[in-house]
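If you scroll down you'll find the structure; I have some questions about it.
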Amino acid sequence: MFKEARIKLTAWYLLIIMTVSFLFSGAIYRVLSIEVDRFARMSQIRYQRDIERIDLPIPAKIRQLPIFSDPELASETKQRIKFVLIYINGVILLISGGLGYLLAGKTLQPIKEMVDEQNRFISDASHELRTPLTALKSSMEVHLRDRKLTLQQAKKLIRENISDVNKLKTLSDALLTLASFEKRKEVKLSGKVNLSKLVCECMEDLEPLAKERHIMFKSNLGSFSVWGDMHKLTELVTILLDNAIKYSKEDGLVSLKIRAEKGFVLFSVKDNGIGIKKDNLPLIFDRFFRAEEQRNTIGYGLGLAIAKNIVELHRGQISVESIYGKGSTFIVKLPQNKFS
Ligand code: ADP
């Protein structure tokens, strides 16, 4: 499809270039033909004027000899001009054909990347949705076929189904959030957000989850603000905190820190949990990436992809340092002031 579009675009480039080139060649040919005729006429007039000035007896035959007004010479000159112009147009056709093909490739490359990316997203998303939907369908079918199904069993099934549907809803919400970043220009960053306060609120919200796993929070948040969107920043902090809790061992410690540096605010979340393998570090922010050993924990591998999108929306950077088996530190760098 890409090749076909590239050839079509090259053909359009060529059509435009060659139309302009032929129009110019026609105009040049017309002007030069007029000039050749004019030159022939002028030369004859001048020649006759010079002959008349000579006082010697010149035979009448010589006097009237037309040198430049020779119609054959004029038409030969025009033929040559035509030939040169056709030759030049041929060269233009070849060069612009090659360059047009290159340019068409360059023009279409970002579109190709976008389409590839979208196709990958659709197939990844359908794959993620298909597995739980198939499980849901088969469990319902099995129970439906069971003639001895009691009310209690039916209620249990419905409860399980509701929990699966909730997971699917979480997945579809995450997919929608990711898709919304494609329209990032429409997202307005509302203004100054007190990041320290926001992090504090997120900590309070996740406190019960941390307590469940006997995980302690330690914080040094100061008072720092950044330019951004409060809801998106809350989502970002929640994702990082949630992961720090999820991937910590029981009785772990999660440290949160905020500091300022050259117009930026640096927010870090450090845990002493399971850590990330070195090979996985470059993949950690990719959509649907989950480390092999975490396949049994709840999640779809979309959290960090969303976090990265939020940070980029705020013209910031996100990075991770980790030692496998010892823990990870996620660092987010956000501009303090409004960016243009
Ligand atoms: P999810 O947590 O739903 O799987 P994420 O995108 O948030 O999706 O994370 C992707 C993967 O990165 C996780 O599956 C896990 O392997 C790894 N990961 C993220 N945060 C941490 C962390 N704090 N410690 C160890 N591994 C992590």
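The values are calculated or read from the model by the stated rules, or taken from the named source; none is laboratory data. Just so it is clear, the structure is predicted and the values come from calculations on it, not from any experiment. Note that each Cβ is placed from the backbone with ideal geometry, even for glycine, and that neighbours are counted across all protein chains shown. Just so you know, the surface numbers come from the protein's heavy atoms only, side chains and all, with ligands and any DNA or RNA stripped out. Shrake-Rupley method; radii C 1.70, N 1.55, O 1.52, S 1.80 Å.
Within the stretch 253-265, which residues are surrounded by 14 or more Cβ atoms within 10 Å (Cβ to Cβ) and either without any contact (Cβ under 8 Å) to a residue 40 or more places away in the chain or near the ligand (Cβ under 10 Å from one of its atoms) (or both)?
Across the stretch 253-265, the qualifying residues are L253, V254, S255, K257.
Still on this model: When the residues of the stretch 1-48 are filtered to those that are acidic (D, E) and surrounded by 12 or more Cβ atoms within 10 Å (Cβ to Cβ), which remaining residue is nearest to Q109 (Cα to Cα)?
Once the filter is applied, the top-ranked residue is E35.
Specify which of the listed residues (L195, L171, L157) is touching a residue at least 24 places away in the same chain (Cβ under 8 Å), over 28 Å from V265 (Cα atoms) and open to solvent by less than 50 Å² (accessible area, probe 1.4 Å).
That would be L171, the only listed residue that is touching a residue at least 24 places away in the same chain (Cβ under 8 Å), over 28 Å from V265 (Cα atoms) and open to solvent by less than 50 Å² (accessible area, probe 1.4 Å).
Right, next: Inside the stretch 266-276, can you point out the residues that are more than 8 Å from the ligand (Cβ to nearest atom) and either loosely packed, with under 14 Cβ neighbours inside 10 Å or modelled with pLDDT under 95 (or both)?
Listed by number, the list holds a single entry, N272.
Is it the case that the stretch 224-246 has a residue that's among the basic types (K, R) and at positive phi?
Within the stretch 224-246 (the criterion being among the basic types (K, R) and at positive phi), the answer is no, since none of the residues qualifies.
Taking N220 as meeting all but one of (1) open to solvent by 40 Å² or more (accessible area, probe 1.4 Å); (2) within 17 Å of K270 (Cβ to Cβ); (3) within 16 Å of the ligand (Cβ to nearest atom); (4) out of contact with any Asp or Glu (no Cβ under 7 Å at 6 or more places or on another chain), write down the number of the exception.
Of (1) open to solvent by 40 Å² or more (accessible area, probe 1.4 Å); (2) within 17 Å of K270 (Cβ to Cβ); (3) within 16 Å of the ligand (Cβ to nearest atom); (4) out of contact with any Asp or Glu (no Cβ under 7 Å at 6 or more places or on another chain), only one is false for N220: (3).
Take E292 and decide whether it is without any contact (Cβ under 8 Å) to a residue 12 or more places away in the chain and either within 7 Å of the ligand (Cβ to nearest atom) or more than 25 Å from the chain's Cα centre (by Cα) (or both).
yes
List the pairs whose first member sits in the stretch 266-283 and is among the acidic types (D, E), whose second member is within 6 Å of the ligand (Cβ to nearest atom) and open to solvent by less than 20 Å² (accessible area, probe 1.4 Å), and whose Cβ atoms are under 8 Å apart, counting only residues at least 6 apart or on separate chains?
Close Cβ pairs satisfying both conditions: D271/A244; D271/S328.
Any idea how many residues of the stretch 286-323 are buried (at least 16 other Cβ atoms within 10 Å of the Cβ) and of a type in the set (S, T, Y)?
Selection size over the stretch 286-323: 2.
So, I284, is that one within 11 Å of the ligand (Cβ to nearest atom) and among the β-branched types (V, I, T) or not?
When the stated conditions are applied, I284 passes them.
Do we find a residue being at pLDDT 85 or above and outside any helix (DSSP H, G or I) anywhere in the stretch 171-191?
yes
I would also like to ask the following. Evaluate the following for V199: is it within 13 Å of the ligand (Cβ to nearest atom), in the same structural domain as F288 (by TED's automatic domain parsing) and not aromatic (F, W, Y)?
no
Go through the residues of the stretch 81-104 one by one and say whether even a single one is among the aromatic types (F, W, Y) and within 24 Å of F288 (Cβ to Cβ).
There is no residue in the stretch 81-104 that is among the aromatic types (F, W, Y) and within 24 Å of F288 (Cβ to Cβ).
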